[in-house]
Amino acid sequence: MGIVYFVGAGPGDEGLITVKGAEKLKSCDVVIYDRLACEGLLNYTKPGCKKIYAGKQAGMHYKKQEEINQILVDYALPDNVVVRLKGGDPFVFGRGTEEIEALEKCNIPYEVIPGVTSAIAVPECAGIPVTHRGVSRSFHVITGHTNTATGVPDCNYKALAAAGGTLIFMMGLANINEIAVSLIKEGMPEDTPVAVISGGTTERQKVLRSQLGRISKEVKENNMFSPAVIIAGETASYNYNYNKNKLCFSKKTAGIVATRVLREKIEEGLRISGTACVPVCDMEVEAVSAEGLIKELEDIEKYNWIVFTSRNGVMLFFDALRNSHTDIRRLSGIKFAVIGNGTEQQLNEYGINADFVPSEYTSAVLAKELSKIILPGETVLLPRAVQGSRELTDIFTKESILFKELKIYYVKGHLMPGADYLEQLSCIIFLSASGVREFARLVKENGKELPEGIKFVCIGEVTRKALEEEYGMKACIITAEGNNAEGVMDIVKEM
């Protein structure tokens, strides 16, 4: 039997998870996460860790609570280390207790690792203290969710209006009019300071300060979004920030569809330009059975060239080399060709310099230029993705190049919580045609709508063609020069 760790992910900023929580993420076999958990925390997990999205949002429940309970039981029983990653703190409106009760019925061991609760951290990071000497000697945390029986928040507004101190409503943006009207009805002054904080502690943070009598109207006018925290009381007017501009909502917010490695590269490159990056679709590399590759490694000397068309192909090839205990010196007589500088850099990580890089980073140019260099009778090993472009192999065939194609991995996508904010994005970045197709499939399956005229920034003509096939005239498609990540970042910076 395994064990379940209930880990508080904190309020949204990846850095606000606890050290102990991060350690459990690094060692778990399965992570079950929700919408409010920072998706960047999934990068802490080890290779092979199974990731299950169990998030819920108003009007669209991906998993019912009973389903989540059963998932925890099913994965913990077969001796797995399971992390249940919950936004904020597991015991603050997180329904962690219900999930624990399900485990206790099956006698499954568990441990709760507290998290930084959004109720305090989100206001604090927006410069709002929930207590202040002489102003607010208490704070009260209230759920803003509706009561399913009445359709309105189930609160004792008379007691709240008379309580004094600071009122903090969680998950209440959809009901802010009901909350404000009810508090005023029970005697709270209309000019009571109120703040609404959307996307708290993240690069998407947006802060609206107003008064109780106007807040509902201004929330709509300012397009405030969930998740949001509502603060009512005198301290809501405070703004303890040394650099107040830091907390303004970014003028540019780029969604990213990519694997973790490429996504992190884009995020790092755009961060200094002031562009907020939001992962909307994570592309995960899943290896196909390594038997075919290991078989080729047994007689690897028969090849004169090895051609890599992605970083993933390089990494999986050398993983197989290591796992099969193949002596790397057996590659000494083989030349290496790569599709671009990113793949070249990955090859350099293994101490090998590329013998050939095409003048343009496309499959077609790679195939055409390499075909002129390969000598008659030389053989090529091509380890790449299942979804690899046929352009390369068609050209090799046409030019009578002797090659062995090995489909060693495929790329599968899943939507990230950032996909809930498509209408707020300045653009969406695509770094592969497979990413385009997976994103289009998932958007359709989940009933999401892309805003009219949305801008897509893509890495090359193959990716552009895939976007045109999926979205036609609905979007503005911009193709980067150079067919590399740097070109993509240059376009976004100039937008």
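Quick notes on this one:
- Residue list for the stretch 451-475, filter: of a type in the set (A, V, I, L, M, F, W, C) and either on the phi > 0 side of the Ramachandran plot or in contact with a helix residue (DSSP H, G or I) (Cβ under 6 Å, 6 or more places away or on another chain) (or both): F456, V457, C458, I459, V462, A466, L467
- Taken over the stretch 33-48, the criterion of being open to solvent by less than 10 Å² (accessible area, probe 1.4 Å) and in a loop (DSSP other than H, G, I, E, B) is satisfied by A37 alone.
- Screening K493 on (1) in contact with a strand residue (DSSP E or B) (Cβ under 7 Å, 6 or more places away or on another chain); (2) open to solvent by 40 Å² or more (accessible area, probe 1.4 Å) shows it passes everything except condition (1).
- Put simply, of L381, L375 the only residue that is more than 30 Å from S198 (Cβ to Cβ), in contact (Cβ under 8 Å) with a residue 24 or more places away in the chain and outside any loop (DSSP other than H, G, I, E, B) is L381.
- Among the residues of the stretch 207-260, the ones that are assigned to a helix (DSSP H, G or I), at pLDDT below 90 and exposed (fewer than 15 other Cβ atoms within 10 Å of the Cβ) come to 3 in all.
- Those residues of the stretch 448-461 which are of a type outside the set (D, E), more than 12 Å from L431 (Cβ to Cβ) and either open to solvent by 60 Å² or more (accessible area, probe 1.4 Å) or not in a loop (DSSP other than H, G, I, E, B) (or both), in sequence order: K455
- Sub-8 Å Cβ pairs linking a first residue in the stretch 189-216 that is at positive phi to a second residue that is outside any loop (DSSP other than H, G, I, E, B) and basic (K, R), at least 6 apart or interchain, are G199/K206, ordered by first then second residue.
- Residue tally, condition surrounded by fewer than 15 Cβ atoms within 10 Å (Cβ to Cβ) and part of a helix (DSSP H, G or I), over the stretch 154-173: 3
- Filtered residues of the stretch 67-101 (kept if part of a helix (DSSP H, G or I) and either within 17 Å of K24 (Cβ to Cβ) or open to solvent by less than 40 Å² (accessible area, probe 1.4 Å) (or both)): I68, N69, I71, L72, V73, Y75, A76, G96, E99, I100
- Members of the stretch 462-490 found to be β-branched (V, I, T), modelled with pLDDT of 85 or more and open to solvent by 30 Å² or more (accessible area, probe 1.4 Å), listed by number: I478, T479
- Residue match in the stretch 174-190 (condition: assigned to a strand (DSSP E or B), open to solvent by 20 Å² or more (accessible area, probe 1.4 Å) and either in contact with a helix residue (DSSP H, G or I) (Cβ under 7 Å, 6 or more places away or on another chain) or within 17 Å of N241 (Cα to Cα) (or both)): no
- Lone qualifier among V386, V314 - being surrounded by 14 or more Cβ atoms within 10 Å (Cβ to Cβ) and either under 32 Å from the mean Cα position of the chain (by Cα) or small (G, A, S) (or both): V314
- Among residues of the stretch 103-125 being touching a helix residue (DSSP H, G or I) at 6+ places or on another chain (Cβ under 6 Å) and open to solvent by less than 20 Å² (accessible area, probe 1.4 Å), the one that is farthest from I230 (Cα to Cα) is I108.
- Residues in the stretch 343-367 that are open to solvent by 70 Å² or more (accessible area, probe 1.4 Å) and closer than 20 Å to I459 by Cα: Q345, S359, E360.
The values are calculated or read from the model by the stated rules, or taken from the named source; none is laboratory data. Quick caveat: nothing in here was measured; it's all calculated off a predicted structure. Every residue, glycine as well, gets a Cβ built from its backbone with ideal geometry; the counts of neighbours run over all protein chains shown. Note: areas computed on protein heavy atoms with side chains; ligands, DNA, RNA excluded. Shrake-Rupley method; radii C 1.70, N 1.55, O 1.52, S 1.80 Å.
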